[in-house]
Every structure is written in C-alpha cells, then in structure tokens.
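A.B. asks: Take this structure first; my questions come after.
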Amino acid sequence: MSLPNSENASTLENAMQLLIQTFHKYSGNEGDKYTLSRAELKEMLTTELGNYLGNAQDKEAVDRVMGDLDSNNDGEVDFTEFIILVGALTVACNDFFLEFNDKPTKK
Ligand SMILES: [Ca+2]
Ligand SMILES: [Ca+2]
C-alpha cells in the first residue's frame, strides 16, 4: 500500500490522512509514540473535539471517554480505538444532519 500524494488524493483520502496525522500529532508527545496516554487523549479531545465534546475539560469526562475507548484495557488509546471514537462521533453527526435536513420537508 502506498499513500497517494496530497495533490491528487480525493477528499476522502485526504480525510483519512488527516485522521492519521492528527492522531500521531498527539500520540508522540509522551510515552509510547503510537498510543495516546490519558494526558495526550485529554489534549486531543480539548483541542480537536472541543466543539463536539465541550465538557472534556472536566477530568471525569476524560476518564469516561478513556474507559469507553480503551477496549483492551491497557490504559492507552491506540489508533484503532481512536478511529472507533471518530467513527461513532461521525455517525452521531450524520444522524443529527439527517434529522435536521428532514424537518423542513416534512408536512
Ligand atoms: Ca503517547
Ligand atoms: Ca487500549
């Protein structure tokens, strides 16, 4: 597998590369370079998902997200666990979008 260069990558390919880059931007700060520690997760949530997860500032919310995401219970969020969060949030956004879009057309 080779990554397409960004000039001829499609929108979706660019989005995938951005997800990878975003994850590694935070995962490389401390400890294991390829997983998010609790502190790295918190920084990622507040910086990148502040609009969706406004309450990520409070420690309990970070603990809850960490508990939900860390499916193999190693105390770190790896890329697979991260992508499940992004996927779940994207589904929630899409549901919201569909609902929002549906309303004006209903009679
Ligand atoms: Ca790390
Ligand atoms: Ca984990």
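The values are calculated or read from the model by the stated rules, or taken from the named source; none is laboratory data. Keep in mind that this is a model prediction, so the values were computed, not measured. Quick reminder, even Gly has a Cβ in these numbers, built from the backbone with ideal geometry, and neighbours come from all protein chains shown.
A.B. asks: Can you find a residue that is surrounded by 13 or more Cβ atoms within 10 Å (Cβ to Cβ), farther than 27 Å from PHE97 by Cβ, at pLDDT 95 or above and not β-branched (Val, Ile, Thr) anywhere in region 58-71?
C.D. replies: Checked region 58-71: at least one residue is surrounded by 13 or more Cβ atoms within 10 Å (Cβ to Cβ), farther than 27 Å from PHE97 by Cβ, at pLDDT 95 or above and not β-branched (Val, Ile, Thr).
A.B. asks: Please identify the pairs in which a residue from region 57-82 that is under 12 Å from SER37 (Cα atoms) has its Cβ atom under 6 Å from the Cβ atom of a residue that is basic (Lys, Arg) and assigned to a helix (DSSP H, G or I), counting only partners at least 6 apart or on another chain.
C.D. replies: Between residues of region 57-82 that are under 12 Å from SER37 (Cα atoms) and residues that are basic (Lys, Arg) and assigned to a helix (DSSP H, G or I), the close pairs are VAL62/LYS42; MET66/ARG38.
A.B. asks: Would you say VAL77 is more than 20 Å from LEU18 (Cα to Cα), within 16 Å of ligand 2 (Cβ to nearest atom), touching a helix residue (DSSP H, G or I) at 6+ places or on another chain (Cβ under 7 Å) and not basic (Lys, Arg)?
C.D. replies: For VAL77, the condition - more than 20 Å from LEU18 (Cα to Cα), within 16 Å of ligand 2 (Cβ to nearest atom), touching a helix residue (DSSP H, G or I) at 6+ places or on another chain (Cβ under 7 Å) and not basic (Lys, Arg) - is not met.
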